[in-house]
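So the structure is just underneath, and the comments pick up after that.
Nothing in this text is a laboratory measurement; each read-out follows from the coordinates by a stated rule. Predicted model only: the values in this text are computed from it and were never measured. Please note: Cβ atoms are built from the backbone with ideal geometry, for glycine as well, and neighbour counts cover all protein chains shown.
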Amino acid sequence: MSELDASMEAGSHVEPAFVVRSGLAHAQLWLIRHGETEWSRSGRHTSRTDIPLTANGEQQAIALRGMLAAVHPVFVLSSPRQRALRTAELAGLAVDALDDDLVEWDYGEYEGMTTQEIRKAVPGWSLWTHPLPGGETPSQVAARADRVLARAAARLDEGPVVLVAHGHVCRVIGARWIGLRAIDGARIDPALTQFLDSLFRNAEIAQPAHCPVEARLCKRRARLPAARDDEQVG
């Protein structure tokens, strides 16, 4: 059995689940991926490279205003990258603090490359199953995600918390929030808006491309669907 398939349930022996304080069953944690950039549009892996939104990316961020106006967050935490900060600004969010733990997964030597380019050298390569030379491991990203969630959880009893970040790290945060491993972020669909009742058991997930996720607390023994091969980078 591969590492990716070794544990499909929350709180496994492979990696402990993130635990939110009791009494927060109706807490709202919003994950917002930044709008489109030139590199995300072309599928180039973007972590450390600090590039701006495209005009379309700015319009995507502006389109969030109506939805977020009804959220009334008590705490907004953002990645320090300009694409995340600009998204927050255009979406009408007042960022309370920056957090380096919200930066994108460090792709190491694969920074700026597309999945197709990487696979020419490493057939079948996937971020979720293969190493990143000079980059971060899943456990390192999970540790960052858990620190962010601990910081967010401290404010959730006051009201909704919003995190503004990047595609892959958002998927890891979503996985850790419901008690799964970092690599199980591969099974959190970044491109569809739907209720994943069979997966999350009362967790509402709404994540169209470059749009928010609202992740409510769920039962701890959820089975996951198959990993998706497509990638939304940066």
- Give me 74, 161, 169, 95 ranked fewest to most by other Cβ atoms within 10 Å of their Cβ, as a rough exposure proxy. 74, 95, 161, 169
- Task: Express in whole angstrom the spacing between the alpha-carbon centres of the range 136-184 and the range 76-122.
- Result: 14 Å
- Query: How about the range 25-120: which trypsin sites (Lys or Arg not before Pro) there are in a DSSP loop, with at most 13 other Cβ atoms within 10 Å of their Cβ?
  - Reply: 48
- Percent of Cα-Cα pairs per 5 Å bin, from 0 to the last occupied bin, for the range 33-131, please list those. 2, 13, 20, 19, 17, 13, 9, 5, 2, 0
- Message: Can you give me the distance in nm between label points at residue 59 and residue 120, each placed 7 Å from the Cα along the Cα-to-Cβ direction?
- Response: 3.2 nm
